[in-house]
Structure formats: C-alpha cells, structure tokens
Amino acid sequence: MTADDNFCTPSTVGHGWVDVSQEDLLQSQLFQAWHKDVDAEKKRQKHNRDVIGEANLPKLHKYKGVVISPLHETPIVPDSVLVFGNGENITHIIHALTYEGENYPTSSFEGFGETCMKGGLLPFITGVPQIVIPGMGDRTFSGVYDYEIAIGMPGPLVFTAVQNLLQTGGRLNLGNPVKTLLAMGITESITPGFKYIRDKIDESEKNK
C-alpha cells in the first residue's frame, strides 16, 4: 500500500510517504474537529512527534509504503506485527513478551490512528511493543469488535511470544479463556508467593 492506495490521507502524511507540511496536516485535522481548537490540535501533533522521537522522524521519509500480509502466510519476518484480541488474549501476550524481564510495552493513548501508529509504525521505528486501543477509523471501517484491543510488536518478537505463551505462573496460569476463581474463603496459601510473603509479614510483626 502506498499513498495512492490509502484513502486515510492523514496517516499517509503521518507516515512520511508524501511531502506535505505540518501546517497543512494541522488544517486537515481542524476540519475533522476531533479536538477542541487549534491549540489542542497543535498539542496533539506535538505529542505524537514526541512519542515517535525527534531522532526517529527522519527515518519516516525513507519509505513510501507498506507491505501487509496475514502472519501465517508472510514470506518474510515482518518489521511489525499487529495482533487483535480481547483483554485476556492481549494480557497473555504481554506476559509472554515480558516473561524474560524484557520487551515491556510502553504506550500513550489518544483513540485516534492507534492501529496504524502504534500497531505498525512505532514498533518498527522504536523497537518497542505498543498496546493499542483501536480508534474510530478501526471501529468504523475495519470491523473491529467493541471488545477488541491489540498489541503491536517488532516482528522478531513473535517468536518470543510464541515460545513463552502461557508460561507465566507455571501451574497457576489460568489459561485462555481465563478460568475465573470464585474468591470465597481463600487465604494466602492459594499461591506459594502469597504464602511466602505472608509468613515474612507475620515474622516481621513478631519481631517488633
């Protein structure tokens, strides 16, 4: 997909595929009226530039489009991977990515353009996974369900996610779908970690 294929012209500009001034991009968004006034829109665009990082902005102009394919059919390891799911699904993926103490997602949220920005662009440019709350375009045009969120990650991290999926907590992992516990009469003994720290708390209290 290039600028010629993309009807979402603000994302075409935001990705740096065409040479259009920030002033023109600002004016286009004022017509959209997603934000209160020109000052609010300027703050939003500055925020987005800060999220990308000033040092990363020149990288945007090296590209003129994007190649997209279903993950199970991709002929290459993609630069970014976007996975949709409900909250439980995405939580398991976050656990898998961070199981080794690395790859923590970092995100700020605005509800506009999050799939293209944080699902594809930011993981590619920054190398950091991003949590995505699909925006109005996603809901309107892409058939995203009302319960869905997503995570965008650098492509190679898919292998980490697959390797570590459902490993967190060992036998205590609640699986997918999550098997909800009815919390009646339970004590700290429900998990070894809870019990251990409970014993330490009791020991500390006795020594006061």
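The table below lists the values:
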| item | result |
| --- | --- |
| On Cα atoms only, tilt of 38-52 relative to the major axis of the chain in degrees | 60 |
| Of every Cα-Cα pair in the chain, the percent that sits beyond 21 Å | 62 |
| For H61, H35, H15, order by how many other beta-carbon atoms lie within 10 Å, fewest first | H61, H35, H15 |
| Within region 34-106: Cβ-based charge dipole about Cα centre, in debye rounded to nearest 20 (Lys, Arg +1; Asp, Glu -1) | 480 |
| Efficiency of FRET between R171 and E205 - r from beta-carbon atoms, R0 25 angstrom, step 0.05 | 0.25 |
| Antiparallel DSSP beta bridges within the chain, as percent of all bridges there, nearest 5 | 100 |
| C-alpha long axis of helix 192-206 to longest principal axis of the chain, angle in ° | 60 |
| Most positive-pole-ward Cα, W34, A55, P10, against dipole of region 1-56 from beta carbon charges | W34 |
| Mean projected area in nm² (Cα convex hull; one quarter of hull surface) for region 9-60 | 3.4 |
| Cα-centred dipole magnitude for the chain, charges only on beta-carbon of K, R (+1) and D, E (-1), debye, nearest 20 | 500 |
| Ranked list, fewest to most other Cβ atoms within 10 Å of each Cβ, for W34, W17 | W34, W17 |
| Per-pair calculated FRET efficiency, R0 = 25 Å: R44 and D4 via Cβ, rounded to 0.05 | 0.40 |
| Mean ellipticity per residue at 222 nm, deg cm²/dmol - from DSSP H runs of n ≥ 4 across the chain, formula -39500 (n - 2.57) | -11000 deg cm²/dmol |
| Distance (nanometres) between label positions extended 7 Å along Cα→Cβ at V20 and K36 | 2.6 |
| Positive-end residue of V67, N173, H92, charge dipole of region 43-191 with Cβ unit charges | V67 |
| Whole-Å distance, taken between Cα centres, linking region 95-158 and region 1-67 | 18 |
| Residue exposure sequence - K36, K42 - by fewest surrounding Cβ within 10 Å | K36, K42 |
| ³J(HN,Hα), Karplus 6.51/-1.76/1.60, whole Hz, each residue of region 4-12, x for Gly, Pro | 5, 8, 9, 6, 7, 4, x, 6, 4 |
| Lys pairs, the chain - Cα-Cα below 20 angstrom, 8 or more residues apart or on other chains | 10 |
| Assigned charges on the beta-carbon of Lys, Arg, Asp, Glu; region 74-164 dipole about Cα centre (debye) | 100 |
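Any read-out appearing in this document is the output of simple, stated calculations on the displayed coordinates, not a laboratory observation. A quick note: this is a predicted structure, and the numbers were derived from the prediction, not measured. A quick note on method: Cβ atoms are made from the backbone with ideal geometry, for glycine too, and the neighbour counts reach across all protein chains shown.
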